[in-house]
Amino acid sequence: MFDGPTAAVQVRLSVRHTRRDTKIIRFDPIRPPAYDSAERLKLSVDGLTRRDILIRSLRLGGTALACSPPSFSWENKPLRGRTTGLSAAAFSCDVTPPIGSPLEECDPPVATSVDMPLLAKGVALSDGKTRYVLCSFDYCELRNGARDLFRRKIADAAQVNELHVAVHCVHQHDAPVYDVDAEKLMDLAESPPHIADLPILEAASDRVAGAVRAAFENPRPLTHVGYGKAKVEKFASNRRVPMSDGTIGVRYSSCTDPVLVAAPEGLIDPWLRTVTLFNGERPLARLHYYASHPQSYYGKGHMNPDTPGLARARLEKEEGIPQIYFTGCGGNVAAGKYNNGSPEARAQLAERLYTGMKGAVAATEKARVSEISWTSTEVRFAPRSEPEFSEAYFRKILADASKPYHERTRAVLALASYQRFKVWPGIDLSYYRLGAVHILHLPGEAFVEYQLYAQSLRPGDFVAVAAYGELGTGYICTDKAPGEGGYEPTNSFVGPPSESRLKAGIRQLLG
């Protein structure tokens, strides 16, 4: 499958990362020779011939390899502080970057204020034999080495391999886009744009790991699981609106075009699903799942967790129970039909989301649970093949210091993902079952079709989906979407036959 220098990288990684005894590769960062920016980018991305790029993007201090395969260093080792039976504990950690930090999705792309803290919230689960962690970040995106960093730190804190850790983003847009690999590639460009402050990212990952460790030190018995769902009214609408001329109109998260606003909601999943973990009669945590872009009034650098954070905080204050929110397959779903982008609209949308959460809690059925079943599989997505998605195209843009910030960041994010696909082409999906509850974890900004497909495999069961895991894929469209047009295919770095491959992975887990 690989040849040339890439094959050497693949061999080196596969030799080091065995499923029984993983060694983290440690290198000291080495600066490349003083080539001009275009030549350095060619060497680093096209041929992968420079040692500092061959070893991928390094964590600070040369302590580990970014974008590496999942670690298995804890496999078959006894857990410290092992509990008997099922247990659960919620955790929460502030991961807000400082004012002045890069916010790639904003204009200007910098954090100007903190309206509400950005949090990492999750649950630590154990069955007495091994442990699992579910974590949702109030970040726009965690891609490639950035997600690997958090996942590795959490896995080490939990004393498990990384396949037992699910890391997802809620995808608010007044929040960071982090990619360690892209940030390192930028160092090779002239007047590089930046998307991440790596010491701040490292410190945040340490705080999250500390919160996970503390949760496992204070477990509570997990005896029952609850599950309920309720429709969220006047929030979600499909972004891809078929127009009378045969094109696809784009109904973004905020929209004032009267034709697009008047169009039907289109294909969505209107149900918000809530899972409650119980110790007897006492709820330990609630996990909410809903498939839509979450943003309302956004893009100006005022950091906040947007509509899910407002709804989540309100219910948590009201109940005194930790509330954790996961965004489902909302890649082609947003609030545009019901959102004009005003602060008033944010309050209305947050109210509707809160009402949906309350309704799902009220509809909760409760059942005893005696085991946790967790399964993973791997999908190898196909990179885009069009000339405007080639590495040469993106290298040229990144090397041109006159190009706008967002063009260059899009280019470097694409290059970082392509580099990852070469070195480690698989992305893992996971699925866990708690009694009658089935939860699927997916990468990318997956279209809602994938969530509906997963639910169709178990039509009589409670199936919730968390997407926005590994976001190096960009949008995960249907295979027909690029030919139809619209916005999402322009920021998708995977293409046909990725739809059939992802559905096969889902089917393997749920079928």
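What follows draws every value from the coordinates through simple rules; no lab data is involved. These figures come from a predicted structure and were not determined experimentally. All Cβ positions, glycine included, derive from the backbone under ideal geometry; neighbour counts span all protein chains shown.
Remark on region 173-281: hydrodynamic radius 19.5 angstrom, per the Kirkwood mean of 1/r across alpha carbon pairs.
Mean projected area of the convex hull spanned by the Cα atoms of region 306-465, taken over all viewing directions: 13.7 nm². For region 407-432, backbone nitrogen atoms closer than 19 Å to the point 7 Å from Glu378 Cα along Cα-to-C-beta are found at 417-431. The per residue volume of the convex hull around the alpha-carbon atoms of region 267-340 is 106 Å³.
Annotation for region 106-209: trypsin sites (Lys or Arg not before Pro) lying in DSSP loop with at most 12 further Cβ atoms inside 10 Å of their Cβ are Lys129. Quick one: grab the alpha carbon gyration tensor of region 189-239, order the square roots of its eigenvalues as a ≥ b ≥ c, and give me rounded if a/c is under 1.5, else prolate or oblate depending on whether a/b is larger than b/c. Oblate, since a/c reaches 1.5 and b/c is not below a/b. Ordering Ile372, Ile321 by the number of other Cβ atoms within 10 Å of each residue's own Cβ, fewest first, gives Ile321, Ile372. At the listed q of 0.18, 0.27 Å⁻¹, the Debye profile of region 116-192, built from one uniform point per Cα, gives log10 I(q)/I(0) equal to -0.77, -1.20. Quick check: from the Cα gyration tensor, does region 334-391 come out rounded (a/c under 1.5), prolate or oblate? It comes out oblate by the Cα gyration axes. Number of Lys-Lys pairs in region 337-458 with C-alpha atoms under 28 Å apart and a separation of 8 or more places or on different chains: 4.
Remark on region 253-304: hydrodynamic radius 14.8 angstrom, per the Kirkwood mean of 1/r across alpha carbon pairs. Identify all aspartates and glutamates with a Cα-Cα distance to Lys229 below 14 Å; exclude those on the same chain that are fewer than 8 residues away in sequence. Cross-link targets: Asp269, Glu365, Asp461. Shown for Thr130, Thr327, Thr247: other C-beta atoms within 10 Å of each C-beta, ranked fewest to most, produce the order Thr247, Thr130, Thr327.
Rg and Dmax, both from the Cα atoms of region 205-268 and both in Å, are 21.7, 60.
Using a ≥ b ≥ c from the Cα gyration tensor of region 85-244 (square roots of the eigenvalues), is it rounded, prolate or oblate, where a/c under 1.5 gives rounded and otherwise the larger of a/b and b/c decides, a/b for prolate? Cα axes put region 85-244 in the oblate bin. The spacing between region 95-158 and region 227-257, judged by their C-alpha centroids, is 28 Å. When the alpha-carbon atoms of region 395-490 are used, the pair Rg, Dmax equals 17.0, 56 angstrom. Here region 275-429 is treated with +1 on each Lys and Arg Cβ and -1 on each Asp and Glu Cβ, and its dipole about the Cα centre works out to around 240 debye.
With a threshold of 18 Å on the Cα-Cα distance, the over-threshold entries among Lys121/Lys153; Lys121/Lys317; Lys234/Lys300; Lys184/Lys300 are Lys234/Lys300; Lys184/Lys300. Placing pseudo-labels 7 Å out from each Cα toward the beta carbon at Ser370 and Asp206 gives an inter-label distance of 4.5 nm. Counted over region 79-169, the DSSP beta bridges are approximately 75% antiparallel. Remark: region 410-463 is approximated by an ellipsoid whose semi-axes, taken from the C-alpha gyration tensor as √(5λ), come to 30, 13, 8 Å, largest first. The orientation-averaged projected area of the convex hull spanned by the Cα atoms of region 290-375 comes to 7.9 nm².
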